[in-house]
Amino acid sequence: GQGTYIWGKGKWKGDKYVGQWRNDKRSGLGTYFYSNGHIHKGEFLNSKRHGQGTYTWNNGDRYIGRWRNGKKYGEGTFIYANGRTERQNW
């Protein structure tokens, strides 16, 4: 299904997820808003970043690439807030 969840206490207090769910886990397309201002928009599987996605830090830096089990995977592009780009391979 589709839905929104906001964490109210504990380690993830203030974090918010908007997107697809399956068996009470973030699975499919969604956006995760971290309480510190970071954002991940992309694919999730079993509540982990998995597949194509963009992670944006609160300073404007971005990483665009693939994820596997919550970690960067394969080749991606890091785009600094100042516009400089860098190809990375994980």
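The values are calculated or read from the model by the stated rules, or taken from the named source; none is laboratory data. Since the model is a prediction, treat every value here as computed from it, not as a measurement. Backbone-built Cβ (ideal geometry, glycine too); neighbour counts: all protein chains shown. Please note that ligands, DNA and RNA were not included when accessible areas were found on the heavy atoms of the full protein model with its side chains. Shrake-Rupley method; radii C 1.70, N 1.55, O 1.52, S 1.80 Å.
Rolling a 1.4 Å probe over the protein heavy atoms of region 10-90, with every protein chain left in place, gives an accessible area that is 46 percent carbon and sulfur.
A dipole drawn for the chain from +1 and -1 charges on Cβ atoms has a positive end, and of Gly30, Gly19, Gly8 the residue lying farthest that way is Gly8. Overall shape: oblate for region 1-76, with the ratio a/c of the largest to smallest alpha carbon gyration tensor axis at 1.5 or above and b/c at least equal to a/b.
Per residue, the accessible area of the chain comes to 66 Å², computed with a 1.4 Å probe over protein heavy atoms only. A protection proxy built from the mean count of other Cβ atoms within 10 Å ranks the segments 10-23, 61-74, most packed first, as 61-74, 10-23.
Taken about its Cα centre, the chain carries a charge dipole of about 240 debye when Lys and Arg each add +1 at the Cβ and Asp and Glu each add -1 at the Cβ.
Here's how it looks for Asp15: its modeled amide H is under 5 Å from those of Trp7, Ser35, which are all 5 or more places away or on a different chain. A cut-off of 5 Å between modelled amide H atoms, ignoring neighbours fewer than 5 places along the same chain, links Lys25 with no other residue.
How do the peptides 37-46, 78-87 rank, highest first, by the average count of neighbouring beta carbon atoms within 10 Å per residue?
By packing density, highest mean first, the sequence is 37-46, 78-87.
Cα centroids of region 1-29 and region 44-64: how far apart, whole angstrom? Measuring centre to centre over Cα atoms gives 15 Å.
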